[in-house]
Amino acid sequence: MNYDNPRQDMPALEVIGEFTTCAAKSYWIALVLTGDEDTAARIISSGMHGVADSGKVFGEWMCAWEIDVVIKACVALHTDELRKEKGSGEYWRAKAAGGSTIELQQAPLSTERVRRALLLLPLFPRFVYVLRVLEGYSLSYVASILNVDEEACQAALAYSFAAFAEALMPVQLAKEQ
């Protein structure tokens, strides 16, 4: 906050900035997990108003809470597909060992390119990757949220690292290998 500025509206502007950052992050995560813009917008719209009314410290906690709510809503939306796709730890280890079949893209690395690459991952490894790597949740918490064992999450995570890296690899590099 600039104390030389006589305006008293700076804290409100800071909160708005944090709110838009939190809303943008929540939306991006929902978009990656659902693959659908309308569904992502619907999922985040219900809880974001509470974050805007909070102070800085409480707002940071509220943002983390909102992202957790968004992730759980995405899990609930895809419960049946995740259950069908999760396989087992053995399944995802075999998939990782066999290599990915994701169609490669060529574009500069950007948020949009990362989103598109993540959307190429099968649903279960995508959820595991976003929750563990991007959100930093413990593997046991990821397993708890997805209602699976940690071993399946670990195997899906190993698969997702290889598949995600391949999806981000420029086309000409992939052709040379």
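The values are calculated or read from the model by the stated rules, or taken from the named source; none is laboratory data. None of the values given here were measured: they were computed from a predicted structure. Heads up, the Cβs are rebuilt from the backbone with ideal geometry, glycines too, and the neighbour counts pull from every protein chain shown.
Quick check: is even one residue across region 25-40 at pLDDT 70 or above, surrounded by 13 or more Cβ atoms within 10 Å (Cβ to Cβ) and touching a Phe, Trp or Tyr at 6+ places or on another chain (Cβ under 8 Å)? Break it down stepwise before answering.
Taking region 25-40 first, the residues at pLDDT 70 or above are 25-40.
In the following step, the residues that additionally are surrounded by 13 or more Cβ atoms within 10 Å (Cβ to Cβ) were identified as 25-36, 39-40.
Cutting the leftovers down to touching a Phe, Trp or Tyr at 6+ places or on another chain (Cβ under 8 Å) gives us 33, 40.
Checked region 25-40: at least one residue is at pLDDT 70 or above, surrounded by 13 or more Cβ atoms within 10 Å (Cβ to Cβ) and touching a Phe, Trp or Tyr at 6+ places or on another chain (Cβ under 8 Å).
Table: residues versus (1) at pLDDT 80 or above; (2) among the aliphatic types (A, V, I, L, M); (3) outside any helix (DSSP H, G or I).
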residue: K72; (1), (2), (3): yes, no, no
residue: V75; (1), (2), (3): yes, yes, no
residue: R93; (1), (2), (3): no, no, no
residue: S100; (1), (2), (3): no, no, yes
residue: A107; (1), (2), (3): no, yes, yes
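What residue, among those in region 162-176 that are surrounded by 14 or more Cβ atoms within 10 Å (Cβ to Cβ) and closer than 15 Å to V133 by Cβ, is modelled with the highest pLDDT?
Top of the filtered list is A163.
Can you pull out the residues in region 114-128 that are under 12 Å from G35 (Cβ atoms) and touching a Cys at 6+ places or on another chain (Cβ under 8 Å)? Give the derivation first.
Taking region 114-128 as the starting set, the residues that turn out to be under 12 Å from G35 (Cβ atoms) are 115-116, 118-123, 126-127.
Once the filter is applied, which keeps residues that are under 12 Å from G35 (Cβ atoms) and touching a Cys at 6+ places or on another chain (Cβ under 8 Å), region 114-128 yields only F127.
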